[in-house]
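For reference, the structure discussed in these notes is given below.
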Amino acid sequence: MSGRKPLPEAIAIVGMAGRFPGAPSVSQLWENLKAGRESISVLTDEELLASGIDAAQLTDPHYVKARGILEDVDLFDASFFGFTPKEAELTDPQHRLFLETCWRALEDAGCNPEGFEGGIGVFGGMSMNTYLLAARGRDAAFWKELTESYQIGGYPSVVGNDYNFLTTRVSYKLDLKGPSFDVQAGCSTSLVAVCLACRALLQHDCDAALAGGVSITFPQKRGYLYQEGAMGSPDGRCRAFDAAAGGTVFGAGVGVVVLKRLSDAIAQGDSIVAVIRGFALNNDGASKVGYMAPSVEGQAEVIATAQALADVDAESIGYVETHGTGTPLGDPIEIAGLTRAFRSATKA
């Protein structure tokens with residue numbers, strides 16, 4: 001175990017909101033998990049053709065017609081958030097849904113920015129913007145307007161389509177006075193955002209924080225070409241930590257949590273969903289078989305560090321949430337990293 005001192009104070013999760021394939025809310029996602037309900041959509045040829053997928057590709061036996069679809073991404077209450085219809089149209093749905101979800105998370109936490117004493121920070125990230133290419137790719141007038149806007153620093157198109165402005169605009173629209181950080185860390189973006197938010201709270205850079213991420217790529221209704229040894233599942237199903245695991249299935253979603261220092265949450269009578277006792281960040285460097293692969297050593301080290309900072313006995317941990325990609329390479333490495341980290345602090 002690491003010799004680092006435990007964190008001076010824990011962090012409370014006091015609210016959360018999200019939208020996921022087959023689940024328009026966090027509570028519905030939990031119900032789906034309890035019921036073992038899969039939320040991957042099997043797409044028809046008609047849906048794929050309507051999305052612009054080449055008809056020849058649909059006959060390829062290796063083309064998998066499955067994906068996690070997020071419903072109603074085209075809907076947005078523009079006037080509620082002070083957008084003009086044109087500004088909303090120019091804005092990547094990832095920006096729009098992240099803003100909506102931050103609002104809902106604050107509502108869930110019972111946190112009204114207008115009456116909150118202290119700064120509220122925002123930490124989050126998004127996937128690459130494909131809305132411009134896929135949804136508006138053939139609209140010559142749109143591209144002319146977008147190009148001209150970039151040349152003159154046009155607000156709607158620039159701010160609404162660049163990941164650098166995801167969190168700062170949330171702060172602007174919701175009048176939040178804490179720090180805003182756009183986080184880009186690949187598959188770990190949302191968790192890194194949570195770690196950075198926790199750090200900011202412990203350093204008193206803010207008194208509450210929104211942290212999370214959003215990923216919506218277009219066209220949503222598309223499949224993928226299965227390649228042996230790659231990440232994609234051969235049959236459109238993800239079987240994490242299963243003997244039959246063959247790969248993962250991609251999809252869309254958005255999730256945000258509201259964080260406070262635990263002592264503040266208790267003093268203010270907040271409903272506390274969970275407590276973060278420790279967290280850690282690191283990188284594998286070059287000690288892995290390839291850029292897209294994890295390493296046992298890196299995962300074991302960061303897990304052990306988080307446990308040490310949390311000052312939690314590894315023997316007392318009864319549940320571990322994992323990445324669980326369902327890939328033949330990633331899952332065994334994740335189990336090996338967990339095993340090494342826990343074995344170093346237990347008698348087993």
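The values are calculated or read from the model by the stated rules, or taken from the named source; none is laboratory data. Just so you know, these numbers come straight off a predicted model, no measurement behind them. Please note: Cβ atoms are built from the backbone with ideal geometry, for glycine as well, and neighbour counts cover all protein chains shown. These accessible areas exclude ligands, DNA and RNA; they are computed on the full protein's heavy atoms, side chains included. Shrake-Rupley method; radii C 1.70, N 1.55, O 1.52, S 1.80 Å.
Exactly one condition in (1) part of a helix (DSSP H, G or I); (2) farther than 30 Å from residue 99 by Cβ; (3) of a type outside the set (Gly, Ala, Ser) is false for residue 8; which is it?
(1)
Hey, any hits in the range 264-274 for a residue that's under 19 Å from the mean Cα position of the chain (by Cα) and either under 30 Å from residue 103 (Cα atoms) or among the acidic types (Asp, Glu) (or both)? Steps first, please.
Within the range 264-274, the first condition is being under 19 Å from the mean Cα position of the chain (by Cα), and the residues that meet it are 273-274.
Next, from what is left, pick out any that are either under 30 Å from residue 103 (Cα atoms) or among the acidic types (Asp, Glu) (or both): 273-274.
Scanning the range 264-274, I find at least one residue that is under 19 Å from the mean Cα position of the chain (by Cα) and either under 30 Å from residue 103 (Cα atoms) or among the acidic types (Asp, Glu) (or both), so the answer is yes.
I'd like the full set of residues that are among the hydroxyl-bearing types (Ser, Thr, Tyr) and under 18 Å from residue 239 (Cα atoms), limited to the range 16-42. Show your work before the answer.
Step one: of the range 16-42, the residues among the hydroxyl-bearing types (Ser, Thr, Tyr) are 25, 27, 39, 41.
Listed by number, the residues that qualify are 39, 41.
Can you find a residue that is more than 24 Å from residue 198 (Cα to Cα) and surrounded by fewer than 15 Cβ atoms within 10 Å (Cβ to Cβ) anywhere in the range 7-17?
No.
Just give me the residues in the range 111-130 being surrounded by fewer than 22 Cβ atoms within 10 Å (Cβ to Cβ) and either among the acidic types (Asp, Glu) or in contact (Cβ under 8 Å) with a residue 24 or more places away in the chain (or both), in sequence order.
111, 113, 114, 116, 117, 118, 119, 127, 128, 129, 130
Where the second residue is open to solvent by 60 Å² or more (accessible area, probe 1.4 Å) and not acidic (Asp, Glu) and the first is within 14 Å of residue 221 (Cβ to Cβ) and touching a residue at least 12 places away in the same chain (Cβ under 8 Å) and lies in the range 47-58, which pairs have Cβ atoms under 8 Å and are six or more apart or on separate chains?
47/221; 48/221; 50/221; 51/221; 57/225; 58/49
Kindly indicate whether residue 108 is touching a helix residue (DSSP H, G or I) at 6+ places or on another chain (Cβ under 9 Å), among the charged types (D, E, K, R), under 29 Å from residue 39 (Cβ atoms) and open to solvent by 10 Å² or more (accessible area, probe 1.4 Å).
When the stated conditions are applied, residue 108 passes them.
Within the bounds of the range 302-310, is there any residue that is over 21 Å from residue 230 (Cα atoms), open to solvent by 80 Å² or more (accessible area, probe 1.4 Å) and either of a type in the set (A, V, I, L, M) or not in a loop (DSSP other than H, G, I, E, B) (or both)?
No, the range 302-310 has no match at all.
Do we have any residue at all in the range 313-332 that's open to solvent by 90 Å² or more (accessible area, probe 1.4 Å), closer than 30 Å to residue 116 by Cβ and either within 20 Å of the chain's Cα centre (by Cα) or in contact (Cβ under 8 Å) with a residue 24 or more places away in the chain (or both)?
Looking for residues that are open to solvent by 90 Å² or more (accessible area, probe 1.4 Å), closer than 30 Å to residue 116 by Cβ and either within 20 Å of the chain's Cα centre (by Cα) or in contact (Cβ under 8 Å) with a residue 24 or more places away in the chain (or both), one finds at least one in the range 313-332, hence yes.
Given the condition more than 25 Å from residue 104 (Cα to Cα) and in contact (Cβ under 8 Å) with a residue 24 or more places away in the chain, answer yes or no: does some residue in the range 14-37 qualify?
no
Being of a type in the set (Phe, Trp, Tyr) and touching a residue at least 40 places away in the same chain (Cβ under 8 Å) is the filter; apply it to the range 83-105 and report the residue that is surrounded by the fewest Cβ atoms within 10 Å (Cβ to Cβ).
Selected residue: 103.
If a residue must be in a loop (DSSP other than H, G, I, E, B) and not aromatic (Phe, Trp, Tyr), how many such residues does the range 273-301 contain?
Within the range 273-301, the first condition is being in a loop (DSSP other than H, G, I, E, B), and the residues that meet it are 273, 277-295.
Add one more test, that the residue is not aromatic (Phe, Trp, Tyr), and what stays is 273, 277-278, 280-290, 292-295.
Final tally of qualifying residues: 18.
In this structure, is residue 341 assigned to a helix (DSSP H, G or I) and either surrounded by 18 or more Cβ atoms within 10 Å (Cβ to Cβ) or of a type in the set (D, E, K, R) (or both)?
yes
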